[in-house]
Amino acid sequence: MHRHITVLGLAFLGLAAFAVFAGWAFFEGSRIGGGWRSLGPIWPYVVGGVVVVAALAGFLMWLAFYSANHGYDEPYDPDAP
């Protein structure tokens with residue numbers, strides 16, 4: 001039981017530390033350089049990256065379901081007719 005509490009406590013501390021870092025980065029990002037307006041030129045690259053990752057994830061998901069629905073995931077049985 002103590003092991004579960006330790007794992008959950010460490011997970012909570014890690015998430016809390018990440019939340020603090022993300023808040024700090026968001027706050028400081030608005031004050032550095034030109035603020036959020038200076039990020040305008042990179043948005044096409046961000047959107048392109050999201051589209052490419054979504055397309056790849058969709059293709060791999062389609063491939064997994066295709067192979068499962070067509071019997072390619074079944075174990076080989078040499079005695080089957």
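The values are calculated or read from the model by the stated rules, or taken from the named source; none is laboratory data. All values derive from a computational prediction rather than experimental measurement. When we count neighbours, we look across all protein chains shown, and the Cβ atoms used for this are built from the backbone with ideal geometry, even at glycine. What goes into the accessible areas is simple: the full protein's heavy atoms, side chains included, and nothing from ligands, DNA or RNA. Shrake-Rupley method; radii C 1.70, N 1.55, O 1.52, S 1.80 Å.
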Regarding S67, is this residue surrounded by 10 or more Cβ atoms within 10 Å (Cβ to Cβ), at pLDDT below 80 and among the hydroxyl-bearing types (S, T, Y)?
no
Restricting to the range 19-33, what's the tally of residues that are assigned to a helix (DSSP H, G or I) and open to solvent by 50 Å² or more (accessible area, probe 1.4 Å)?
6
Considering (1) open to solvent by less than 100 Å² (accessible area, probe 1.4 Å); (2) assigned to a loop (DSSP other than H, G, I, E, B); (3) out of contact with any helix residue (DSSP H, G or I) (no Cβ under 8 Å at 6 or more places or on another chain), say which one A16 fails and leave the rest.
(2)
